[in-house]
Amino acid sequence: MCRWAAYLGEAIYLEELLTSPGHSLITQSRAATECKTAINADGFGVAWYGDRAEPGLYRDVFPAWSDPNLASLARTVKSGAFLAHVRASTGAATSRNNCHPFAHGRWSFMHNGQVGGFDRFRRHADMGVSDRLYSHRKGATDSELLFLYALEGALDADPMGAMLAAHCTLEAMSLAQGTTPHLRSSAAWSDGKRLFALRLSSDHIAPSVYYRWSESRNGWAVVSEPLEVGQGGWTELPPGHGAVFEGTTVDIQPLEIRQVA
């Protein structure tokens, strides 16, 4: 499993989520407390939004705690919307193309979880991506494929619906050709103006997601694990729900995994 952190609000330095807190994302890369593995050392990445519509993207295969460039970037770059991720592979190779976040146009996306038995039907799943988007299939993960499937759908018009449909499609393939657990997922994605998150599972174990509004930052933090031990104000996103963050508001929506014919 992986750990991730996202932010939407007034511009802050990336370090305010990545390195400064007592249980920052970098700390979670080697001492996570709410996932199967405490170590998340199979690469990292960050996508951030600035003056242009498309996000900047920095990813590499090293453990996040060992890269001085990431620490320097976090100290000097300010953004009002960013996604950051530390990876623990569930099977795919450790390569830059398999590191999150993924980006296409104005959208960025990151994921924690698994689609059961994905290697058994990966070729079949890849065939569901159109020629228009297949050139953007750079890696070999189920996560990247979730993003591409959502882009194939109506991600611009219905970001939550398109992402849910992508999860339903891969979960159905796992039911037909894969193995249990068929789907476990926490995901976050953004267009630079809004931030979306979901928490889904085909069984009773859904990867954790928390969110918190900060009056001092005037922004939302959405994370796999709270950034400070014992800090108040964190709300756990219930399993089977999605969240839409925009401005000072959050809209919590129940989600249902629908069987795909």
Open item on the list: Give me the helices (runs of 4 or more DSSP H) completely within the range 122-207, filtered to those with at least 3 residues that are farther than 25 Å from Ala88 by Cα, ordered by residue number.
Closed with: 131-134, 159-177
TODO: Quickly run through the range 215-261 and pick out the residues that are open to solvent by 60 Å² or more (accessible area, probe 1.4 Å), more than 27 Å from Ala31 (Cβ to Cβ) and in a loop (DSSP other than H, G, I, E, B).
DONE: Glu215, Thr248, Glu256, Arg258, Gln259, Val260, Ala261
Open item on the list: For the range 166-188, give me each residue that is buried (at least 18 other Cβ atoms within 10 Å of the Cβ), of a type in the set (Gly, Ala, Ser) and under 21 Å from Arg123 (Cβ atoms).
Closed with: Ala166, Ala172, Ser174, Gly178
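Here is a list: Asp191, Asp156. Which entry is surrounded by fewer than 19 Cβ atoms within 10 Å (Cβ to Cβ) and under 15 Å from the mean Cα position of the chain (by Cα)?
Exactly one residue qualifies, and that residue is Asp191.
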Open item on the list: If Thr180 meets every condition in (1) farther than 15 Å from His100 by Cβ; (2) under 18 Å from the mean Cα position of the chain (by Cα); (3) among the hydroxyl-bearing types (Ser, Thr, Tyr) apart from one, which number is that one?
Closed with: (2)
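Would it be correct to say that Ala64 is on the phi < 0 side of the Ramachandran plot and surrounded by fewer than 24 Cβ atoms within 10 Å (Cβ to Cβ)? Explain how you work it out, then say what you get.
On the way: on the phi < 0 side of the Ramachandran plot: yes; surrounded by fewer than 24 Cβ atoms within 10 Å (Cβ to Cβ): no.
For Ala64, the condition - on the phi < 0 side of the Ramachandran plot and surrounded by fewer than 24 Cβ atoms within 10 Å (Cβ to Cβ) - is not met.
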TODO: Could you look through the range 106-121, keep only residues that are buried (at least 18 other Cβ atoms within 10 Å of the Cβ) and in a loop (DSSP other than H, G, I, E, B), and pick out the one that is nearest to the chain's Cα centre (by Cα)?
DONE: Gly116
Task: Within the range 194-209, considering residues that are under 18 Å from the mean Cα position of the chain (by Cα) and over 13 Å from Leu255 (Cβ atoms), the one most open to solvent (accessible area, probe 1.4 Å) - done: Ile205
Task: Qualifying residue in the range 69-84 (condition: in contact (Cβ under 8 Å) with a residue 60 or more places away in the chain, under 19 Å from Gln231 (Cβ atoms) and either among the small types (Gly, Ala, Ser) or surrounded by fewer than 23 Cβ atoms within 10 Å (Cβ to Cβ) (or both)) - done: yes
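May I ask you to verify whether Glu144 is farther than 24 Å from Val46 by Cα, among the charged types (D, E, K, R) and touching a strand residue (DSSP E or B) at 6+ places or on another chain (Cβ under 6 Å)?
On the way: farther than 24 Å from Val46 by Cα: no; among the charged types (D, E, K, R): yes; touching a strand residue (DSSP E or B) at 6+ places or on another chain (Cβ under 6 Å): yes.
Here the answer is no, as Glu144 does not meet what is asked.
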TODO: Please specify each residue of the range 122-153 satisfying the condition of being buried (at least 17 other Cβ atoms within 10 Å of the Cβ), modelled with pLDDT of 95 or more and among the aliphatic types (A, V, I, L, M).
DONE: Ala125, Val129, Leu145, Leu146, Leu148, Ala150, Leu151
Open item on the list: I'm trying to understand the selection: among the residues of the range 124-163, which are over 16 Å from Trp107 (Cβ atoms) and charged (D, E, K, R)?
Closed with: Asp126, Asp131, Asp142
- [ ] Spot the failing condition for Leu57; the list is (1) hydrophobic (A, V, I, L, M, F, W, C); (2) open to solvent by 40 Å² or more (accessible area, probe 1.4 Å); (3) in a loop (DSSP other than H, G, I, E, B); (4) touching a residue at least 40 places away in the same chain (Cβ under 8 Å), and only one is missed.
- [x] (3)
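Would you say Arg212 is open to solvent by 50 Å² or more (accessible area, probe 1.4 Å), touching a residue at least 60 places away in the same chain (Cβ under 8 Å) and under 18 Å from Ala6 (Cβ atoms)?
Working: open to solvent by 50 Å² or more (accessible area, probe 1.4 Å): yes; touching a residue at least 60 places away in the same chain (Cβ under 8 Å): no; under 18 Å from Ala6 (Cβ atoms): yes.
Here the answer is no, as Arg212 does not meet what is asked.
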Open item on the list: Can you confirm whether Ala88 is among the aliphatic types (A, V, I, L, M), open to solvent by 50 Å² or more (accessible area, probe 1.4 Å) and assigned to a loop (DSSP other than H, G, I, E, B)?
Closed with: no
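The values are calculated or read from the model by the stated rules, or taken from the named source; none is laboratory data. These numbers come from a predicted model, not from an experiment. All Cβ positions, glycine included, derive from the backbone under ideal geometry; neighbour counts span all protein chains shown. Heads up: the accessible areas ignore ligands, DNA and RNA and are worked out on the full protein's heavy atoms, side chains in. Shrake-Rupley method; radii C 1.70, N 1.55, O 1.52, S 1.80 Å.
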